[in-house]
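Single-structure report; data block below.
The values are calculated or read from the model by the stated rules, or taken from the named source; none is laboratory data. Not measured: the values here are computed from a predicted model. Every residue, glycine as well, gets a Cβ built from its backbone with ideal geometry; the counts of neighbours run over all protein chains shown.
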């Protein structure tokens, strides 16, 4: 919290943190217990990206007075699918490993793809074209959170990347460029990653990487298990707002979302034993407390 804020602004900032916990984490009872969790880390775990290519350059989620928007550069478009999620996980891991907000991507696109455990394949729908496009989309987007109750409005903007220099030619992915490609994180984002990261299993990411929904559920479940102390019953409507990624809000859309969520959850449960405690009934997902998949970060030495 900024110490130089006037008392009224400090009061609004405290209210903002509480609102994010309520609407993003869908955990009203635990809101006061997880105040030490950094907002940036929480936002990128819980503010899930689109699963498939969205229309337009703004991806909007709304829940009552709270709204969250991911905004794209009009020349790039919105990030979607598994690749931006894998990129964010790599950014987090590399920031912790190097303790730097300048991250070196490498001399060639193929070299960087190996870091993500992706095989370079050509063609219109190949991995080479997709990763270059998704990197540009992700690195140029911003996230904006808004809460308005009619009498006051609170805003929080998240800009992860300050600068990105991508010198690669996707037509020659194995060819080394004259300069190394790199990105520079914003100071605030880098600090939040380093201070309060959400650990995860690289094995689980590799296993789940073909399913954006499964990746989202895995990261959310292990994050939630890092602080949850009692069983919660989360309405499917709330989960659809958080994970729906474009599903309609009609009853038919809710049924489709629930079925897809449970299919993805079964994939997560195959690699994350404590996720097997989750089960559903007609109206809620029952979430008993469990252990995070990774209890602590390994040494950076």
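Say whether the condition of being at pLDDT 90 or above and in a helix (DSSP H, G or I) is met by at least one residue in the stretch 218-232. Scanning the stretch 218-232 turns up at least one residue that is at pLDDT 90 or above and in a helix (DSSP H, G or I). State yes or no: is residue 237 at pLDDT below 80 and either within 19 Å of the chain's Cα centre (by Cα) or within 19 Å of residue 49 (Cα to Cα) (or both)? The answer is no for residue 237. Evaluating residue 182 against the criteria (1) part of a loop (DSSP other than H, G, I, E, B); (2) at pLDDT 85 or above; (3) touching a strand residue (DSSP E or B) at 6+ places or on another chain (Cβ under 8 Å) leaves one unmet condition, (1).
Listed here are the residues, each with its yes/no results for (1) in contact with a strand residue (DSSP E or B) (Cβ under 9 Å, 6 or more places away or on another chain); (2) over 23 Å from residue 207 (Cα atoms); (3) in contact (Cβ under 8 Å) with a residue 60 or more places away in the chain.
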position	(1), (2), (3)
110	no, no, yes
117	no, no, yes
142	yes, yes, yes
151	no, yes, no
157	yes, yes, no
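For residue 266, state whether it is part of a helix (DSSP H, G or I) and modelled with pLDDT of 85 or more. The answer is yes for residue 266. Name the residue, out of 6, 84, 79, 74, that is farther than 20 Å from residue 220 by Cβ and either at pLDDT below 80 or surrounded by 13 or more Cβ atoms within 10 Å (Cβ to Cβ) (or both). Only one candidate passes the filter, namely 6. Residues in the stretch 138-174 that are surrounded by 15 or more Cβ atoms within 10 Å (Cβ to Cβ) and within 19 Å of residue 106 (Cα to Cα): 138, 139, 161, 162, 164, 166, 167, 168, 170, 173.
Within the bounds of the stretch 247-254, is there any residue that is touching a helix residue (DSSP H, G or I) at 6+ places or on another chain (Cβ under 6 Å), modelled with pLDDT of 65 or more and crowded, with 17+ Cβ neighbours inside 10 Å? No, the stretch 247-254 contains no residue that is touching a helix residue (DSSP H, G or I) at 6+ places or on another chain (Cβ under 6 Å), modelled with pLDDT of 65 or more and crowded, with 17+ Cβ neighbours inside 10 Å.
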